[in-house]
Amino acid sequence: MSSALVLSIDAMGGDDAPEIVVDGVAHFLKGRKRAVRFLLHGDESQIAPLLARHEGLAEVCDIRHSDSEVDMSAKPSEAVRRARGSSMWNAVRSVKDGEAQVAISAGNTGALMAISKVILRMKKGVHRPAIAASWPAPQGFSTVLDVGANVDCSPSQLVEFAVLGEAFHRAVHGEKAPTVGLLNVGQEELKGGQTIRDADALIREAELDLDYRGFIEGDDISAGTTNVVVTDGFTGNVALKTAEGTARLVGGWLREALTSSLIAKIATGLLSLGALNQLRAKMDPRNVNGGVFLGLNGVVVKSHGGTDALGFATSLRIALEMADSRFLSEIERNLERLSALQADTVSEGETA
């Protein structure tokens, strides 16, 4: 058997931590054959009793005690100043030190991003990290980024996101040559603001090793028109939260319809339970929980702060897939091409 991969977890991050974190680890390990170990950073007096509830769980978990944790309401700048030695800081630090392949936290998003940038630094050719999310589509999943890290983006940053998202999709979803599209209000060349049009021109000029398909629209995300959807963090986050809310709304309507009367309950019993469970799983946001910070010299996964054990287990699955992939090495060539193009552009501007 291959050596165990190590996941470093901020056990105190999230609304219901550390209980949902430990329960999530236990759920994640059910039936899993791949050897995995965990570093749980946080208050040992709280974590140890929770591990004891699950047979054998303590054998694959190392508790790294920390006396402090990052508050969910802390500002990123404040978190960086005060977070040294906290469970979140130490979880990311373990990746920097080579003890673990991926860090995972359900804590404060802005703080986690800021801490990750300070500890891991940005990869050469990337100006800002992006958060990538997996989005249910007819044939599996689409990758959407950015979904919250960067409210405003320049054209070059959107192109960086295209490079990062394409490599992420290959790593996590196994597509050999993912297609890439820029989210816009229409597919025509003259549609959209200047930033999105400039990004389209730049990505074509860069001659990157990407299967770029141009502009796509909002309904193309769930249709899976392209494997990777690139947008700014404001638009991506609104779209993501809207989709999650819609899934919960429709799921509630479905439950209401199937239990509204005796006849409906009988009809439900005659339907395939497996088919209903499959539909429920596809509509459950917990099954796609986990955004990946892309562009760092290391991998960090952000779980929703309000998730439960099942949702946290999903973020661990994504973390394991990233740890088991060649994502960091696969983006190098395209980032080098993009950096060279940007350098030429700056040089031409100075000459003029």
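At 10 °C and 1.306 mPa s, grab the translational diffusion coefficient of the chain from Stokes-Einstein with a Kirkwood Rh over Cα pairs, rounded to a whole number in µm² per second.
The calculation lands on 75 µm²/s.
For a Förster distance of 25 Å, can you work out the FRET efficiency between the beta-carbons of Ser154 and Val118, rounded to the nearest 0.05?
According to the calculation, E is roughly 0.65.
Among the trypsin sites (Lys or Arg not before Pro) in segment 59-108, which ones are in a DSSP loop with at most 13 other Cβ atoms within 10 Å of the Cβ? Mind listing them?
The qualifying sites are Arg84.
Using a simple charge model, +1 on the beta-carbon of Lys and Arg, -1 on the beta-carbon of Asp and Glu, nothing else, what dipole does the chain show about its Cα centre, in debye to the nearest 20?
On the way: 36 positive and 45 negative charges, 176 e Å.
With Lys and Arg at +1 and Asp and Glu at -1, about 840 debye.
Under a plain spin-label model, where a point goes 7 Å from the Cα along Cα-to-Cβ, how far apart in nm are Arg84 and Glu59?
Placing both labels 7 Å beyond Cα along the Cβ direction yields 4.0 nm.
For a test of understanding, tell me how many lysine pairs in the chain have Cα atoms under 15 Å apart, given they are 8 or more places apart or on different chains.
The result is 4.
Taking the Cα centre of the chain as the origin and placing charges on Cβ (Lys, Arg +1; Asp, Glu -1), which of Ile203, Asn184, Gly291 is farthest toward the positive end of the dipole?
Towards the positive end, the residue furthest out is Gly291.
Placing +1 at every Lys and Arg Cβ and -1 at every Asp and Glu Cβ, with all other atoms neutral, what dipole size does segment 3-66 have around its Cα centre, in debye to the nearest 20? The partial results should precede the final answer.
Numbers: 7 positive and 10 negative charges, 102 e Å.
Roughly 480 debye, rounded to the nearest 20.
What fraction of the DSSP beta bridges in the chain is antiparallel, stated in percent and rounded to the nearest 5?
That works out to approximately 30 percent antiparallel.
Helix check for the chain. Which DSSP H runs span at least 20 Å along their own axis by Cα, with a mean Kyte-Doolittle hydropathy no less than 0.5?
Working: long enough: 155-173 (26 Å, 0.37); 233-259 (39 Å, 0.17); 309-323 (21 Å, 1.19); 332-351 (28 Å, -0.89).
Sorted by number, the helices that extend far enough and score high enough are 309-323.
Calculate the spin-label point distance for Arg213 paired with Ala4, positioning each point 7 Å from the Cα along the beta-carbon direction, and give it in nanometres.
4.2
At a Förster distance of 30 Å, what's the computed FRET efficiency of Ala48 paired with Asp324, Cβ-Cβ distance as r, to 0.05?
Plugging the Cβ-Cβ distance into 1/(1 + (r/R0)^6) gives 0.55.
Just to be sure I understand: with springs between alpha-carbon atoms less than 10 Å apart, which residue in Pro129, Pro49, Pro178 has the highest mean-square fluctuation in the Gaussian network model of the chain?
Taking springs between Cα atoms under 10 Å, the residue moving most is Pro49.
Just how large is the dipole of segment 82-149 about the Cα centre, in debye to the nearest 20, putting +1 at every Lys and Arg Cβ and -1 at every Asp and Glu Cβ?
Values: 9 positive and 3 negative charges, 74 e Å.
Charge dipole, segment 82-149, about its Cα centre: 360 debye, nearest 20.
Laboratory data are not the source of any read-out in this text; all were calculated from the coordinates shown. Since we're looking at a predicted model, the values are computed, not measured. Glycine also receives a Cβ, built like all others from the backbone with ideal geometry; neighbour counts cover every protein chain displayed.
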